[in-house]
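Following: one structure in structure tokens, then a few remarks.
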Amino acid sequence: MTTFAELGLDPKVLSAVSDAGYTAPTPIQAGAIPPALEGRDVLGIAQTGTGKTASFVLPMITLLGRGRARARMPRSLVLAPTRELAAQVAENFDTYAKKTKLSKALLIGGVSFKEQDALIDKGVDVLIATPGRLLDHFERGKLLLTGVQIMVVDEADRMLDMGFIPDIERIFQLTPFTRQTLFFSATMAPEIERVTNTFLSAPAKIEVARRASAAESIEQAVICYTASRKDRQAKEKRELLRALIDREGEGCKNAIIFCNRKTEVDIVAKSLKTHGYDAAPIHGDLDQSQRTRTLESFREGKLRFLIASDVAARGLDVPAVSHVFNYDVPSHAEDYVHRIGRTGRAGREGKALTICVPHDEKWLTAIEDLVEKQIPRVDSPLKGGSDDRGKRGRHADEAGASAPERTEERSSARPQRGDRRERNSDRGAERQPDRTADRHGEDRNSHTHERSDSHDRNRQGRSGANNRRGGRDRGYRDEPVVGMGDHMPAFLLRSFKPKSEPEPVTEDQVEESAE
């Protein structure tokens, strides 16, 4: 069994690791730390939760133990896709570097530029940043990257999803060619592979088997649900979520509820709060101070439900989460494992419930192919869900069997054409007084008193025309309806056939006309 002492780390770092309670490295740590200490480039392929952060923080602290940082020129750079992951790397650095004199700065959005500029001006050994904020500081002339000795790119596949790869390439070009590069990703998409081939030199590749299954302590279940009507799906889906929470009862001490879209996060959080549940949203469009307060409240147990996008699915370590609800089935199968991995941590028991509507079934199939098992289905606590499909099918069969009887009833109750004419005539006669009053009485709206005499004459003319047509608009049937054959217009009797061509003129006729 490998221990941290065998990896060649600095004694101060080993002491800090021991104080944190760790004795044996994880597979990714055991594979990545030795080549990193040798100064080689490292390409690590491993899922979140396998100890990747310590894989680059521990050798970085050891390598930076000698030397001193200069103003505006950090000695090392760590790039993370989200503010929360960057903050978590900073926390790990504080834990493992507490017995050294190394300094750090955290550059993330939502924080004052002035505070960050003050840290950079003093000179930092480790700069932890998101790509966008890092480039903002560089373009303002407050930062130089020519002194970077070690560069780390964490969660590169998430960088690709968020569109950061062009920024990563630009940052690489701003750093020295002699830098050491540590590159970590969960998957190797073609775009990521192109970046590694371009900017890494003979890297040591450490690939840990993809974690395709969650911990055995997590109880998983899927609720397949079909709304009563398509336009009611969103509303009924929120009702189903509340019903699931209520069914779990006191066992649901706290939970993270994942949605695929930021707008959906806000809607679900607002709905839960409206119905009396202690809930708050967290996603990338919120102010950083609000995100930090929300996350801290959830960690401290002051907030029961955290409604989150996938920004909270990777890398965030929130202990003692009893439940995870997938309000939306994730479109990427790997994200399902990351999401439910927020519960059942450190040997605790947890429960993960997923709501699946018909549109999400293809994604659910991909998840089950990844984890190589079928996730158990459970009944919906609401009536009319897809678990009642069989019942609705039986009702449909019964309805089909009784259809002929209802057809006969409708045919016997259907009025004949003559009856319908009489009823229409009666309805027209009933409506006559109201319409007559509208024509000849005082108008109920004040502005109609200004109507001109010509307008009145036009209305009377139209009324007379209606009477001449037999009073059809007023419901009368005194005069018979006259067809076109009894009053044929003259123009229809006129022939439009072309006349026959005239006879040609002979020469004799021409001479006679000339005389």
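None of the figures in this text is laboratory data; all of them are computed from the coordinates on show. Keep in mind it's a predicted model, so treat the numbers as computed, not measured. Note: ideal-geometry Cβ built from the backbone for every residue, glycine included; neighbour counts use all protein chains shown.
Here are the numbers:
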item	result
Extension gain, residue 372 back to residue 111 (0.36 nm per residue minus Cα-Cα distance, nm)	89.6 nm
Dipole of segment 4-207, positive end: most advanced residue of 159, 32, 119 [Cβ charges, Cα centre]	119
Descending principal axes extents, segment 4-207, alpha-carbon based, whole Å	44, 40, 30
Cα-derived Rg to Rh of segment 1-87, Kirkwood definition	0.96
11 Å beta-carbon shell around residue 43, net charge (K/R +1, D/E -1)	-1
Residue-count net charge about residue 150 - beta-carbon cut-off 9 Å; Lys, Arg +1, Asp, Glu -1	+2
Cleavage-rule hits (trypsin sites (Lys or Arg not before Pro)) in segment 287-381: DSSP loop, at most 16 neighbouring Cβ within 10 angstrom	302, 348, 373
Sequence-separation-based contact order of segment 60-185, relative, with Cα cut under 8 Å and 6+ spacing, percent	34
Residue order, fewest to most surrounding Cβ atoms within 10 angstrom, among 183, 325	183, 325
Computed label-point distance, nm, for sites residue 296 and residue 178 using a 7 Å Cα→Cβ extension	4.2
Segment 244-316: GluC sites (Glu not before Pro) in DSSP coil with no more than 13 other Cβ atoms inside 10 Å	300
In sequence order, calculated HN-Hα J values of segment 251-268 (Karplus, 6.51, -1.76, 1.60; Hz; x Gly/Pro)	x, 8, 6, 7, 7, 10, 10, 9, 10, 7, 10, 5, 4, 5, 4, 5, 5, 5
Residue order, fewest to most surrounding Cβ atoms within 10 angstrom, among 240, 370	370, 240
Estimated vicinal HN-Hα couplings, Hz - segment 229-239 in sequence order (Karplus 6.51, -1.76, 1.60; Gly, Pro = x)	9, 4, 6, 9, 4, 4, 5, 5, 5, 5, 5
Cβ-defined net charge surrounding residue 126, 11 Å radius [Lys, Arg +1; Asp, Glu -1]	0
Nearest-0.05 FRET efficiency for residue 98 and residue 263, computed from C-beta distance (R0 35 Å)	0.25
Spacing of the two label points (7 Å from each Cα toward its C-beta) at residue 278 and residue 253, in nm	1.3
Computed over segment 86-236, Cα set: Rg, Dmax in Å	20.3, 63
Fewest-first ranking of 96, 225, 22, using other Cβ atoms within 10 Å as the exposure measure	22, 225, 96
Vicinal HN-Hα couplings computed from phi for segment 301-308 (Karplus, 6.51 cos²θ - 1.76 cosθ + 1.60; Hz; Gly/Pro x)	x, 7, 10, 8, 10, 10, 9, 9
Label-point separation, residue 320 to residue 207 (7 Å along Cα→Cβ), nm	4.1
